[in-house]
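Some notes on the structure that comes next.
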Amino acid sequence: MPANPSSPQLDNAVPNSPIHAVVAEDFAAVNRTILAQLASRVPLVETIGQYIIESGGKRLRPLLVLLAARSLGYEGERHVTLATLIEFMHTSTLLHDDVVDESHMRRGKATANDAWGNAPSVLVGDFLYSRSFQMMVDVGSMRIMEVLSAATCTIAEGEVQQLTNVGNPDVDEAAYFETIQGKTAMLFEAASHSGAILADATPEQEAALRDYGRYLGLAFQLVDDLLDYQGDAEAMGKNVGDDLAEGKPTLPLIQAMAAGTPEQAKAIRQAIRQGGLERLDEVLAIVDETGALEYTRAKAEEMSAKALAQLDALPESQYRDSMAALARLAVERRN
């Protein structure tokens with residue numbers, strides 16, 4: 001079981017990139033707030049909460065809050081609280097997802113459920129979710145509360161939809177996009193949207209930042225699903241073929257069934273129904289031969305382009321430039 005450091009630091013949890021650098025001071029404030037809000041009279045809550053937050057990652061959702069607010073000239077401090085609660089919401093979903101998916105590795109480290117068990121992971125996820133709503137009250141905006149509370153329902157529905165899709169080869173592209181809009185893109189959308197509201201955006205700017213987050217989230221999820229069939233396990237922090245092993249009908253498989261021969265479609269249908277990795281090599285060959293990976297990347301590039309187009313509604317600034325770079329990163333990354 002991982003130890004709980006006596007002097008917690010989150011410096012390594014923030015990626016060192018030019019995109020993050022423009023809000024480096026804000027991120028430092030977010031890290032301090034994370035540590036303060038993890039405080040609990042139950043030590044295991046702090047231990048697991050700190051472990052999962054320190055596991056790294058791109059920290060994209062709090063980044064979106066900070067960039068959206070700053071791009072519109074926001075000069076207050078509530079964006080730090082808002083970014084923190086968005087990170088807590090995301091972290092709680094990770095804890096719950098890993099239990100549902102029976103995952104053992106995330107970002108190259110043992111998952112919390114692997115280290116401490118399912119029950120503590122679920123309950124600490126509940127704590128982080130509840131704490132996020134406490135901070136939502138501190139932000140003091142009824143409109144932001146409306147956006148985020150609606151988002152939580154959509155996210156939960158997306159997760160349930162993904163669960164019901166497992167082992168179902170009849171999921172089509174429209175149903176796939178509906179699922180990833182809920183389970184992934186919704187929190188991206190809520191992050192940039194709430195940041196815009198906090199900064200008193202015009203109706204046009206608010207809509208643009210809301211849509212920017214949605215398209216960015218879709219692009220990231222599409223590339224995640226693509227990399228499951230052509231990524232590097234060490235760089236990704238998970239095993240290639242994990243989605244297939246869990247019987248998830250993602251776009252590379254959906255498109256391969258649509259574009260392939262009847263025999264190829266039948267093989268993939270059987271692989272989705274069975275789960276596991278017994279047919280991984282065969283499936284990898286089919287998604288390659290049918291152009292399904294190129295199709296999925298093209299869809300991701302389409303979403304990235306739509307995200308970039310939304311930024312025309314914002315004034316020129318280093319923050320808008322970072323959001324543009326983030327949209328390009330979504331499709332250029334390899335992990």
(message) At a 10 angstrom cut-off on C-beta neighbours, averaged per residue, how do the peptides 246-255, 92-101, 136-145 rank from highest to lowest?
(response) 246-255, 92-101, 136-145
(message) Suppose every Lys and Arg Cβ carries +1 and every Asp and Glu Cβ carries -1, with no other charges. What dipole size does the range 204-335 come out with about its Cα centre, to the nearest 20 debye?
(response) 280
(message) Quick check: pseudo-label points 7 Å beyond the Cα along Cα→Cβ at SER130 and GLU75, how many nm apart are they?
(response) 4.0
(message) Can you order the peptides 80-91, 265-276 by their average number of other Cβ atoms within 10 Å per residue, highest first?
(response) 80-91, 265-276
(message) Given the C-alpha atoms of the range 109-156, compute the convex hull and give its volume per residue in Å³.
(response) 89
(message) Suppose a student asked you for the relative contact order of the range 176-291, using Cα pairs under 8 Å spaced at least 6 residues apart; what percent would you report?
(response) 21
(message) Run the simple label-point estimate for LEU44 and GLU204 please: 7 Å along Cα→C-beta, distance reported in nm.
(response) 5.5
(message) Over the Cα atoms, compute the radius of gyration (one decimal) and Dmax (the largest Cα-Cα distance, rounded to a whole number) for the chain, in Å.
(response) 19.7, 60
(message) Rolling a 1.4 Å sphere over the protein heavy atoms, what is the accessible area per residue of the range 135-290, to the nearest Å²?
(response) 40
(request) Find the eigenvalues of the gyration tensor of the Cα atoms of the range 29-176, then list the square roots of 5 times those eigenvalues as equivalent ellipsoid semi-axes, largest first, in whole angstrom. (result) 26, 21, 14
(message) For the range 187-278, compute the orientation-averaged projected area of the C-alpha convex hull (one quarter of its surface), in nm².
(response) 7.8
(message) If you filter the range 64-137 for trypsin sites (Lys or Arg not before Pro), then keep DSSP loop positions with at most 15 other Cβ within 10 Å, what is left?
(response) ARG107
(message) Restricting to Cα atoms and excluding each atom paired with itself, what does the Kirkwood estimate give for the range 85-141 in Å?
(response) 11.6
(request) Pop the C-beta distance of HIS104 and ASP172 into the FRET formula with R0 = 41 Å and round what comes out to the nearest 0.05. (result) 0.85
(message) Could you check the spin-label model distance between ALA24 and GLU302? Points 7 Å from the Cα along Cα→Cβ, value in nm.
(response) 4.0
(message) Using each residue's phi in the range 24-34, evaluate 6.51 cos²θ - 1.76 cosθ + 1.60 at θ = phi - 60° and report the 3J(HN,Hα) Karplus result to the nearest Hz, with x for Gly and Pro.
(response) 4, 5, 4, 5, 4, 5, 4, 4, 5, 5, 4
(request) Heavy atoms only, probe 1.4 Å: what % of the accessible area of the chain goes to carbon and sulfur, would you let me know? (result) 50
(request) Using Cα pairs closer than 8 Å and at least 6 residues apart in sequence, work out the relative contact order for the range 111-267, in percent. (result) 21
(message) Can you order the peptides 312-324, 118-130, 184-196, 202-214 by their average number of other Cβ atoms within 10 Å per residue, highest first?
(response) 184-196, 202-214, 118-130, 312-324
(message) Averaging over every viewing direction, what projected area does the convex hull of the Cα atoms of the range 14-56 cover, in nm²?
(response) 3.0
(message) For Cα pairs less than 8 Å apart in space and 6+ apart in sequence, what is the mean separation divided by the residue count of the chain, i.e. the relative contact order in percent?
(response) 19
(request) Take the range 248-335, compute every pairwise Cα distance, and split them into 5 Å bins from 0; I just need the percent in each bin. (result) 3, 14, 19, 16, 12, 10, 9, 7, 6, 4, 1
(message) I'd like the distance between the alpha-carbon centres of the range 307-335 and the range 255-278, rounded to an integer number of Å.
(response) 36
(message) Here is the link list: LYS183/LYS299; LYS109/LYS299; LYS183/LYS306; LYS109/LYS306. Which ones come out longer than 23 Å on Cα distance?
(response) LYS109/LYS299; LYS109/LYS306
(request) Determine the distance separating the Cα centre of the range 150-193 from the Cα centre of the range 78-127; give it in Å without decimals. (result) 18
(request) With runs of 4+ DSSP H residues as the only contributors, calculate the mean residue ellipticity of the chain at 222 nm using -39,500 (n - 2.57) per run, divided by the residue total and rounded to the nearest 500. (result) -22500 deg cm²/dmol
(request) Sum up the charges of everything whose Cβ sits under 14 Å from the Cβ of HIS193, counting Lys and Arg as +1 and Asp and Glu as -1, but leave HIS193 out. (result) -2
(request) Can you pull a Stokes-Einstein diffusion coefficient for the range 178-335 at 4 °C (1.567 mPa s), Rh from Kirkwood over Cα pairs, as a whole number of µm²/s? (result) 78
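The values are calculated or read from the model by the stated rules, or taken from the named source; none is laboratory data. Quick caveat: nothing in here was measured; it's all calculated off a predicted structure. Cβ coordinates were reconstructed from backbone atoms using ideal geometry, including for glycine residues, and neighbour counts include every protein chain displayed. Note: accessible area is taken over every heavy atom of the protein model, side chains too, but ligands, DNA and RNA are not part of it. Shrake-Rupley method; radii C 1.70, N 1.55, O 1.52, S 1.80 Å.
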